[in-house]
Structure formats: structure tokens, C-alpha cells
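Report on the structure given below.
The values are calculated or read from the model by the stated rules, or taken from the named source; none is laboratory data. Since we're looking at a predicted model, the values are computed, not measured. We place every Cβ from the backbone using ideal geometry, glycine too, and count neighbours over all the protein chains shown.
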Amino acid sequence: MTKKFGAGLALGIIGTILVAIAIWLTLAYTGAYNVAASTQHADPVRWTFDTTMRRSVASRAGGVELPATVSEDVLAEGAGHYAESCAHCHGTPGGEPAEWSRGMRPEPPHLVEAATEWTPEEIYWIVENGIKMSGMPAFGGHHSSEEMVALTGFVSALPGLTADDYATLTGSADGSAEQTPSPATGEPDGEPQPETPVE
Ligand code: HEC
């Protein structure tokens, strides 16, 4: 009786594995899954990627150690790196991301809001390692840990910053402004504004 049950269970497990392999190979080889970024991921696919990503980051960020406080200078350094490397995908306080980034799947989230969902350690880990299959690059290979600490401090502070704070931190109309709309009008900064840099 128990032997029969054991054999049945083993057959059931093998059958399930074979069906899973068949589904996996069918999906990969037949072209059934639409990879076009012009359509959204199906909800179960998006859920799987998002949940896998969040759990993966949470379980790996534990080893990150950050300074307890961030000085205004470090914050300004982080803002500069952000304007240069992140703003076109993730937006700024009062500024939208570049139009082309809205065509990415997943769409890079507006970090002024999304940064509240992550601890500073998780933000550092994401910046250093990036996120596979999403377009979020790894910056660890070409940014020093000091630069990533500054970026982390800035991204963690982002949700509390106004457009004016951001302009002050980045030294006003530097190169980043061409990527983001003017906070005052909501219109893209077509022409350079004759503003005096806040320095
Ligand atoms: C080419 C576009 C691109 C650039 C440049 C980029 N990111 Fe991302 N980033 C993404 C995408 C896409 C995701 C969403 C990943 C996902 O949801 O699986 C993401 C996710 C994140 C997240 C997690 C937020 C969330 O809720 O999903 C953080 C934090 C982040 N990026 C920080 C940064 C920082 C800081 C920089 C600059 C150093 C940066 N990114 C540069 C595309 C980009």
C-alpha cells in the first residue's frame, strides 16, 4: 500500500516536471510570448519579475554598510551624479524623465515617489548591482563606493526634496536640465535658460 503510494507520488512528480519542461521549451521555441516593449507585460509575468526582484534585493542588501549621516556636500555630490546618470530614466523633483524611457518595460519608476519603498542599503545594492532583465544598469563597475554612497544618500532624500532644492543641489541649470522639463512650466527645456547658476 505505502509502496504503491510512493511509486504513484514519484510518477506524479516526474510527470509534473516533464509538463513544466514542455511548457518552458514551447514558450521559448514557438515565439508565443510577445517580447515587444510596446505592450505591457502580462500581469502574472510582471508580478513574477517584481516579486522576484524585491525579494532578491531584500535578501542581498543586508551586507551593505552605510555612514549614519550624510553631509550637505555629499548630498550635492550625489545630486550631481543623479542628474548625470539617473534623471533621464527616473525623473527629478518637479521634472519628468526623458520621453524615450517611457518605452521601457518595466518602465523605470519615478524615484521621487518610489524611493520611499526602499531602505538606503537596498538602494545602494541596486545602484551597485543593477537589475537583470529590466534595463536598470549596474554602476558598481565604474563608480567608486564613495560615489555610490553619495548617490544613495541623495536618492533616499529625494522624496522630501522640492524642485528648488534639486536646482540648488545640482547647481541649477547644468547639463541635466536638457533631459528634464522645467519645473516652473512643465514644458521641456528646449532652449537654454539665461539663469544665473546658484554657486
Ligand atoms: C536606462 C534607464 C535607467 C537608468 C539610467 C537608471 N535606472 Fe534605475 N531602474 C531602471 C528600471 C527599468 C528599473 C525598474 C526595475 C524593475 O522594476 O524591475 C529601475 C529601478 C531602480 C530602483 C528600484 C526602484 C523600484 O521601485 O523599482 C532604484 C532605487 C534605481 N533604479 C536607482 C537608480 C539610480 C540611483 C540610477 C543612477 C545611478 C539609476 N537607477 C539609473 C532603469 C534605469
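Candidates in the stretch 63-113 are the residues that are among the aliphatic types (A, V, I, L, M), in contact (Cβ under 8 Å) with a residue 60 or more places away in the chain and surrounded by fewer than 20 Cβ atoms within 10 Å (Cβ to Cβ); of these, the one that is farthest from residue 167 (Cα to Cα) is 64. Taken as a whole, the condition of being more than 8 Å from the ligand (Cβ to nearest atom), under 20 Å from residue 71 (Cβ atoms) and among the hydrophobic types (A, V, I, L, M, F, W, C) does not apply to residue 98.
Could you please let me know if residue 156 is in a loop (DSSP other than H, G, I, E, B), in the same structural domain as residue 118 (by TED's automatic domain parsing) and modelled with pLDDT of 50 or more? No: the conditions fail for residue 156. Which condition number in (1) more than 8 Å from the ligand (Cβ to nearest atom); (2) at pLDDT below 95; (3) over 17 Å from residue 83 (Cα atoms); (4) not basic (Lys, Arg) is the one that residue 121 fails? Tallying (1) more than 8 Å from the ligand (Cβ to nearest atom); (2) at pLDDT below 95; (3) over 17 Å from residue 83 (Cα atoms); (4) not basic (Lys, Arg), residue 121 fails exactly one: (2). Cβ-Cβ contacts under 9 Å between residues 6 or more apart (or on different chains), taken from a first residue in the stretch 122-146 that is closer than 22 Å to residue 48 by Cβ to a second residue that is at pLDDT 95 or above and acidic (Asp, Glu), are listed as 138/128. Filtering the stretch 134-152 for residues that are surrounded by 21 or more Cβ atoms within 10 Å (Cβ to Cβ), within 10 Å of the ligand (Cβ to nearest atom) and of a type in the set (S, T, N, Q) leaves a non-empty set.
Here is a yes/no grid of residues against (1) in the same structural domain as residue 134 (by TED's automatic domain parsing); (2) farther than 20 Å from residue 136 by Cβ:
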{"position": "9", "(1), (2)": "no, yes"}
{"position": "26", "(1), (2)": "no, yes"}
{"position": "47", "(1), (2)": "yes, no"}
{"position": "52", "(1), (2)": "yes, no"}
{"position": "72", "(1), (2)": "yes, yes"}
{"position": "82", "(1), (2)": "yes, no"}
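Residue 60 passes every criterion in (1) of a type in the set (Lys, Arg); (2) in contact (Cβ under 8 Å) with a residue 40 or more places away in the chain; (3) within 11 Å of the ligand (Cβ to nearest atom) apart from (3).
Evaluate the stretch 92-100: report whether one residue or more is in the same structural domain as residue 130 (by TED's automatic domain parsing) and closer than 18 Å to residue 119 by Cα. No, that holds for no residue.
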